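Taking it in order: structure first as structure tokens, then the write-up.
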Amino acid sequence: MTVTAPQETTVPSTDLSALMREGSRAEHTSAENSPFMSDLLGGRSSVDRYTVFLRQLAVVYEAIEAVGDALASDPVGGAVVDRALVRSAAIEADMVFLAGDSWREIPVGPAATAYADRVSETAADPVRFLAHHYTRYLGDLSGGQAIGRILQREYGLAADGVTFYDFPLVPKPKPYKDGYRARLDSLPLDDVTKQRVVDEVKVAFSLNEALFAEIGLSPVE
Ligand code: HEM
């Protein structure tokens with residue numbers, strides 16, 4: 001009897017987390033290479049510009065975290081919501097450190113408003129909320145960890161100004177991210193619905209890029 005070895009084939013994963021990562025690979029590269037990010041991480045930006053950026057992120061995270069609160073018990077949205085990730089209090093503390101108590105007077109531009117509006121819509125569509133949650137928090141727990149250190153090094157920012165990148169309740173990002181992906185992958189979503197998530201991840205990346213472009217153009221030195 002001839003025994004033939006099972007044929008090796010590479011079947012693309014249909015796990016949601018893999019689809020999200022693969023589906024946004026080009027967008028990620030583009031965001032990484034955006035002039036705003038390159039300048040910020042290359043030491044060619046300024047604390048003032050970073051402060052304007054963080055002020056924009058404040059409204060984005062307020063929206064994500066308000067929808068997160070609303071969806072905490074939702075079978076889909078609740079799979080990712082976790083108070084260990086919440087950033088609004090850290091952003092507020094950083095903004096007070098960087099700009100003082102009147103930091104909310106720093107204007108919020110159209111890009112951040114459009115981003116926050118898009119996120120707020122997802123209170124009625126938890127499937128799309130997954131995309132916004134993933135794009136920001138998994139980014140913060142990945143490249144974001146290096147970004148916090150670079151900001152300190154390049155701009156002499158004290159640790160008190162970059163608590164946004166500090167997740168005291170997530171001491172080890174790697175296993176946390178693995179668990180997060182496992183929770184996404186255990187959701188019983190059909191292929192069409194998974195594709196809706198991937199499409200919204202691309203939207204989330206483009207909203208980030210629009211934000212970077214707007215800050216890059218702002219007359220802050
Ligand atoms: C210069 C800026 C950036 C750098 C250096 C960077 C770097 C990285 C690295 C090294 C990873 C992989 C981490 C791992 O394997 O666990 C990663 C993952 C990720 N990044 Fe970024 N990133 C940057 C900007 C961004 C931006 C602007 C966003 C979105 C707003 C973002 C969203 C993500 C997401 C969602 C992941 C998780 C991918 C996955 O495993 O599913 N990143 N980033």
At 1.4 Å probe size, with the rest of the protein present, what percent of the exposed accessible area of segment 41-93 is carbon and sulfur atoms? 53
Tell me, what HN-Hα J-couplings in whole Hz come from the Karplus equation 6.51 cos²θ - 1.76 cosθ + 1.60 at θ = phi - 60° for each residue of segment 78-88, using x for Gly and Pro? x, 5, 10, 4, 7, 5, 5, 8, 3, 10, 4
Can you pull the semi-axes for the chain, root of five times each eigenvalue of the Cα gyration tensor, sorted largest first, whole Å? 33, 20, 17
Proximal lysines to residue 194, defined as alpha-carbon separation beneath 22 angstrom and excluding residues fewer than eight positions away on the same chain: 177, 202
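How large is the accessible surface per residue of segment 1-138, computed with a 1.4 Å probe and reported in Å² as a whole number? All intermediate terms of the calculation are to be shown ahead of the outcome.
Values: 6860 Å² over 138 residues.
On a per-residue basis, 50 Å².
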With an 8 Å Cα cut-off and a minimum separation of 6 or more residues, compute the relative contact order for the chain in percent. 36
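Per DSSP H run of at least 4 residues, take -39500 (n - 2.57); add these up for the chain, divide by its residues and hand me the 222 nm value, nearest 500 deg cm²/dmol. Each step should come with its number before you reach the end.
Values: 10 runs with 139 residues, N = 221.
Per the formula, -20500 deg cm²/dmol.
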Compare the Cα positions of 205, 10, 53 along the charge dipole of the chain (+1 at Cβ of Lys, Arg; -1 at Cβ of Asp, Glu; about the Cα centre) and return the one farthest towards the positive end. 10
Write down, largest first, the equivalent ellipsoid semi-axes of segment 42-173 in whole Å, where each equals the square root of 5 times an eigenvalue of the alpha-carbon gyration tensor. 26, 17, 12
What does the extension gain come out to for residue 185 and residue 11, with contour length at 0.36 nm per residue minus their alpha carbon separation? 61.0 nm
For the residue pair residue 46 and residue 172, what label-to-label distance in nm results when each label sits 7 Å from Cα along the Cα-to-beta-carbon direction? 4.3
Read phi for every residue in segment 162-178 and hand back ³J(HN,Hα) as whole Hz from Karplus 6.51 cos²θ - 1.76 cosθ + 1.60, θ = phi - 60°, with x for Gly and Pro. 10, 5, 3, 8, 9, 10, x, 8, 10, x, 10, x, 4, x, 4, 5, 4
Heavy-atom accessible area of residue 177, protein chains in place, probe 1.4 angstrom, given in Å² to nearest 10, is 30
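Treat every Asp and Glu Cβ in segment 128-221 as -1 and every Lys and Arg Cβ as +1, leave all other atoms uncharged, and give the resulting dipole magnitude about the Cα centre to the nearest 20 debye. Display every interim value, and only then the final one.
On the way: 12 positive and 13 negative charges, 79 e Å.
Charge dipole, segment 128-221, about its Cα centre: 380 debye, nearest 20.
Extension gain residue 101-residue 158, at 0.36 nm per residue separation less the Cα-Cα distance, in nm? Kindly include the intermediate steps, with their values, before the conclusion.
Numbers: separation 57, 0.36 × 57 = 20.52 nm, distance 1.77 nm.
Net length gain for the segment: 18.7 nm.
Evaluate the charge dipole of the chain about its Cα centre and quote only its size in Debye, nearest 20, assuming +1 on the Cβ of each Lys and Arg and -1 on the Cβ of each Asp and Glu. Can you show the working numbers first?
Numbers: 21 positive and 32 negative charges, 98 e Å.
Charge dipole of the chain: 480 debye, to the nearest 20.
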Treat each spin label as a single point 7 Å out from the Cα along the C-beta direction, and report the residue 33 to residue 89 distance in nm. 4.0
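The values are calculated or read from the model by the stated rules, or taken from the named source; none is laboratory data. Bear in mind that the values here come from a model prediction, so they are computed numbers and not experimental data. All Cβ positions, glycine included, derive from the backbone under ideal geometry; neighbour counts span all protein chains shown. Accessible surface areas use protein heavy atoms only, side chains included; no ligands, DNA or RNA. Shrake-Rupley method; radii C 1.70, N 1.55, O 1.52, S 1.80 Å.
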